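J.: Okay, here's the structure, questions in a sec.
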Amino acid sequence: MHDFGPEVVFSTNNSSITRFRVNEDQTSKHCFVLFSALGLFDLRSKVGGTDALLEAGFDVFSVQTNNNDFHQSLYPEGIVILDEIIKKDYDLAYGYGSSMGAFAAILYASKLNLARVLAFNPPFTVGEAFDQRWLEYDRKVEWRYKMMEARDYGGILVIYYDPCGLDAKQFALFEKHFKSAEIVAHPVRYSSHMILFYFRDAGRLKSMLLDFAKGNYREQPRVDRRTNITYLRELSLHLMRRNKLVSAKSIIKRVLAFGDQSNMTYRRASNICAKLNEFEEALTYAQMAVDAQDNTNESRERHLEYLAEMKSRKGDGEGARRIIDDLIVSSSHRASAYRAKARICLTSGLLEEAKEAILQVIELGDASHSTFALARNVFLRLGSLDEAVVYARKAIFAEDNSETSQKNHMQQYDLLVKKQKRARGKSPSEMQHENG
């Protein structure tokens, strides 16, 4: 392989487009545009899959963002520049990405005149109530170009997705709105959102990419699921959700026996043990999730919040508060840490501390239905029925509600309003006694 790069064709503080060429003197006839997935990456470097494509004789454009903005900072200038280069130097261009990268590959497919796109679990939208996995990112993104504006694409979309979860709903939106495209659908049960890892575990990822480049993309590659870590981990989740906890634990133990030491697997094992009321084991796995080598700062802090709540559930309120207070000292603007503290203090009966923590969550801008519901519960326990009603109403109208959660909040609100009416004229001590 001859790699005469990188050639940076577009770069800002948050994004970059870098060309890697097979030949120093001329370009190949066909090229790939690879978009990075979620994560913190060094700009002007290679997206995964670049080397395999270079070896196969394809020039590659590596498109990256370092702030998880769903590649919005590329638009329009970066996309215009890339389009001009592709038109000038290549006969055909293809797109490729996973998750956020797949989103961008499809989003810009028409703008770049991509002949076809290989997309692993692409989200159609990241800011809707039915799928809240990316709401944290959505609030921070300055949206310049959304998927509904890109639905005129007339090429081929080869989409792999897990039909057992939210990704199936996202795929349905592509089927509904991308009427001009040919969609080649590959549902893969229990492959998780990170379906890229499912094929990587099976040693199939490189050959899939090269087959796609050659036009062989209509057949799914065969995978031995008995030893596929991503598949088994996802299967354990589905068993847990169906309350088949003993089977779920057996499956996740098999994953651990295969040598998986990821924070995600330890957390899954802890969740299952907690549901089985095996709290000693749940705590052990929760600590292992915190200590896992593959953690980012963000994931480690999430696991610390979870560890604190596990300690609280086991009855160690002091240990739980110590963990969460240390986390708040190091990450004072982390709303989820204050929310965890509010729950822990509520469980321990430290109502004023719970109130202080939940008000801090709201001050930090968290307007989720679960936060308002927690505030409702805190004020109800404090005997502040009027404030509880206020937050119960806010929970109803929170933007991240699903139909089910909104219905539940409406029921709670109606009960509190009735209670409020009955309480009129009673003394504060009588009201507090009634509210528990």
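J.: Can you tell me which residue within the stretch 391-407, out of those that are charged (D, E, K, R) and outside any helix (DSSP H, G or I), is surrounded by the fewest Cβ atoms within 10 Å (Cβ to Cβ)? It would help to see each step written out before you state the result.
T.: Residues of the stretch 391-407 charged (D, E, K, R): 393-394, 399-400, 403, 407.
After this cut, where a residue has to be outside any helix (DSSP H, G or I) as well, the list is 399-400.
Working: 399: 11, 400: 17.
Per the criteria, the residue is 399.
J.: With respect to residue 184, determine if the residue is more than 22 Å from the chain's Cα centre (by Cα), assigned to a helix (DSSP H, G or I) and not hydroxyl-bearing (Ser, Thr, Tyr). Reasoning before the result, please.
T.: Details: more than 22 Å from the chain's Cα centre (by Cα): yes; assigned to a helix (DSSP H, G or I): no; not hydroxyl-bearing (Ser, Thr, Tyr): yes.
Answer is no for this residue.
J.: Return the only residue of 17, 81 being assigned to a helix (DSSP H, G or I), more than 24 Å from residue 203 (Cα to Cα) and not basic (Lys, Arg). I'd like the intermediate steps shown before the answer.
T.: Values: 17 fails: assigned to a helix (DSSP H, G or I).
None of the others qualify; the one that does is 81.
J.: In addition: Have a look at 82, 107, 118, 135 and point out the one that is surrounded by 22 or more Cβ atoms within 10 Å (Cβ to Cβ) and either among the charged types (D, E, K, R) or in contact with a Gly (Cβ under 8 Å, 6 or more places away or on another chain) (or both). Spell out the reasoning first.
T.: Details: 82 fails: either among the charged types (D, E, K, R) or in contact with a Gly (Cβ under 8 Å, 6 or more places away or on another chain) (or both); 107 fails: either among the charged types (D, E, K, R) or in contact with a Gly (Cβ under 8 Å, 6 or more places away or on another chain) (or both); 135 fails: surrounded by 22 or more Cβ atoms within 10 Å (Cβ to Cβ).
Among 82, 107, 118, 135, only 118 is surrounded by 22 or more Cβ atoms within 10 Å (Cβ to Cβ) and either among the charged types (D, E, K, R) or in contact with a Gly (Cβ under 8 Å, 6 or more places away or on another chain) (or both).
J.: Which residues, counting only those in the stretch 276-324, are closer than 21 Å to residue 351 by Cβ and among the polar types (S, T, N, Q)?
T.: The one that is closer than 21 Å to residue 351 by Cβ and among the polar types (S, T, N, Q): 312.
J.: Kindly indicate the residue of the stretch 244-302 that is touching a residue at least 40 places away in the same chain (Cβ under 8 Å) and buried (at least 18 other Cβ atoms within 10 Å of the Cβ) and also nearest to residue 229 (Cα to Cα) among those meeting that condition. Spell out how you get there, then give the answer.
T.: Here is the first cut: in the stretch 244-302, the residues touching a residue at least 40 places away in the same chain (Cβ under 8 Å) are 263, 270, 296.
From the residues that got through so far, the ones that are buried (at least 18 other Cβ atoms within 10 Å of the Cβ) too are 263, 270.
Details: 263: 13, 270: 17 Å.
So, considering only residues that are touching a residue at least 40 places away in the same chain (Cβ under 8 Å) and buried (at least 18 other Cβ atoms within 10 Å of the Cβ), the one nearest to residue 229 (Cα to Cα) is 263.
J.: Starting from residues that are surrounded by fewer than 19 Cβ atoms within 10 Å (Cβ to Cβ) and closer than 18 Å to residue 239 by Cβ, keep the ones in the stretch 153-165 and report whichever is modelled with the highest pLDDT.
T.: 163
J.: Another question about this same structure. What number of residues in the stretch 239-271 are hydrophobic (A, V, I, L, M, F, W, C) and either assigned to a loop (DSSP other than H, G, I, E, B) or out of contact with any Leu (no Cβ under 6 Å at 6 or more places or on another chain) (or both)?
T.: Count: 9.
J.: A further question on this structure: Working carefully through the options 222, 200, 189, find the one that is open to solvent by 60 Å² or more (accessible area, probe 1.4 Å) and closer than 20 Å to residue 165 by Cα. Full working, then the answer.
T.: On the way: 222 fails: closer than 20 Å to residue 165 by Cα; 200 fails: closer than 20 Å to residue 165 by Cα.
On inspection, the qualifying residue turns out to be 189.
J.: Still on this model: Just a yes or no: is a residue in the stretch 6-29 closer than 18 Å to residue 214 by Cα and surrounded by 19 or more Cβ atoms within 10 Å (Cβ to Cβ)?
T.: Yes - at least one qualifying residue is present in the stretch 6-29.
J.: Among the residues in the stretch 284-294, are any modelled with pLDDT under 95 and assigned to a helix (DSSP H, G or I)?
T.: no
J.: Restricting to the stretch 189-223, and then to whatever is assigned to a helix (DSSP H, G or I) and in contact with a Ser or Thr (Cβ under 7 Å, 6 or more places away or on another chain), can you tell me which residue is nearest to residue 258 (Cα to Cα)?
T.: If we take residues in the stretch 189-223 being assigned to a helix (DSSP H, G or I) and in contact with a Ser or Thr (Cβ under 7 Å, 6 or more places away or on another chain), then 201 is nearest to residue 258 (Cα to Cα).
J.: Does at least one position in the stretch 40-53 carry a residue that is open to solvent by less than 10 Å² (accessible area, probe 1.4 Å) and under 25 Å from residue 126 (Cβ atoms)? Step through it out loud before you land on a result.
T.: So in the stretch 40-53, the residues open to solvent by less than 10 Å² (accessible area, probe 1.4 Å) come out as 50, 53.
If we keep only those that are under 25 Å from residue 126 (Cβ atoms) as well, we get none.
No, the conditions are met nowhere in the stretch 40-53.
J.: Every residue in the stretch 84-98 that is outside any helix (DSSP H, G or I) and out of contact with any helix residue (DSSP H, G or I) (no Cβ under 8 Å at 6 or more places or on another chain), please.
T.: Our first condition is that a residue be outside any helix (DSSP H, G or I); within the stretch 84-98, this holds for 90-98.
Passing the criteria: 90, 91, 92.
The values are calculated or read from the model by the stated rules, or taken from the named source; none is laboratory data. From a predicted model like this one, the values you see are computed outputs, not experimental measurements. As a convention, Cβ positions derive from the backbone with ideal geometry for all residues, glycine included, and neighbour counts pool all protein chains shown. Areas reflect the complete protein model, heavy atoms only, side chains present, ligands, DNA and RNA absent. Shrake-Rupley method; radii C 1.70, N 1.55, O 1.52, S 1.80 Å.
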